[in-house]
Amino acid sequence: MTLEDTTRRNRVIDDTSVFENPAIGRLVAQWENLCDGRIAPRRAEVDPLDLFEFLPGIAMIKAIDDGVSFQFSLIGTGLAKLYGLVTRQVVSQVDCPPENREALLDALTLCVASKKPVHGIWRKARTLKLAQIDLEVVFVPISEDGKEVSRILGYHAVLN
């Protein structure tokens, strides 16, 4: 099954982006405030307590080998229940439905390459227990050096 088959779409956020879940817009607005004119905030500027409403659906992901690979460094309880994710797990090795992993890797790669937030609607995503759900996702870059994406903060909101 491909991204086309499952109607998962990831794209860089721009002025035409529309968010179905208001929480996605709030998270993007918080990220934009932290940027303060830079491509992305530093990790130390992203305080989990400021993201309290989002915590169950959040993942902090390290970009490894210049964005060729990715590793989870923080996973919210909601995502752990949905996908069975664990901290320090490499994304390409996550034991979840392959189309979910493919959509996630696509979004992370796009975020690193564009150095911009990425938004997606993932229809018919399957959970750990193989239930089908619709998700709205956002991935925002974090940069320690102000030039390259070193981490990505991801958020998944269930639409149904």
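The values are calculated or read from the model by the stated rules, or taken from the named source; none is laboratory data. Everything numeric in this text was worked out from a predicted model, so none of it was measured. Here the Cβ is made from the backbone with ideal geometry for all residues, glycine too, and neighbour counts use every protein chain on show.
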>> Yes or no: the stretch 104-125 includes at least one residue that is over 18 Å from ILE75 (Cβ atoms), in contact with a helix residue (DSSP H, G or I) (Cβ under 9 Å, 6 or more places away or on another chain), modelled with pLDDT under 95 and assigned to a strand (DSSP E or B).
In response: yes
>> For a quick check of your reading: which strands (runs of 3 or more DSSP E) sit entirely within the stretch 1-94 and have at least 2 residues that are charged (D, E, K, R)?
In response: 8-12
>> I want to confirm something. Restricting to the stretch 81-110 and keeping residues that are without any contact (Cβ under 8 Å) to a residue 60 or more places away in the chain and under 11 Å from the mean Cα position of the chain (by Cα), which single residue is surrounded by the most Cβ atoms within 10 Å (Cβ to Cβ)?
In response: LEU104
>> Restricting to the stretch 19-34, and then to whatever is free of Cβ contacts under 8 Å to residues at least 24 places away in the same chain and touching a helix residue (DSSP H, G or I) at 6+ places or on another chain (Cβ under 9 Å), can you tell me which residue is farthest from ILE133 (Cα to Cα)?
In response: LEU34
> Say we look at the stretch 126-156 and pick out the residues that are small (Gly, Ala, Ser) and at pLDDT 95 or above; which of these is surrounded by the most Cβ atoms within 10 Å (Cβ to Cβ)?
Replying inline: GLY154
> Right, PRO48: surrounded by fewer than 15 Cβ atoms within 10 Å (Cβ to Cβ) and of a type outside the set (A, V, I, L, M, F, W, C) or not?
Replying inline: yes
> Can you tell me which residues in the stretch 62-84 are at pLDDT 85 or above, among the hydrophobic types (A, V, I, L, M, F, W, C) and within 14 Å of VAL137 (Cα to Cα)?
Replying inline: LEU79
> Can you tell me which of PRO48, PRO56 is farther than 21 Å from LEU104 by Cα and touching a residue at least 12 places away in the same chain (Cβ under 8 Å)?
Replying inline: PRO48
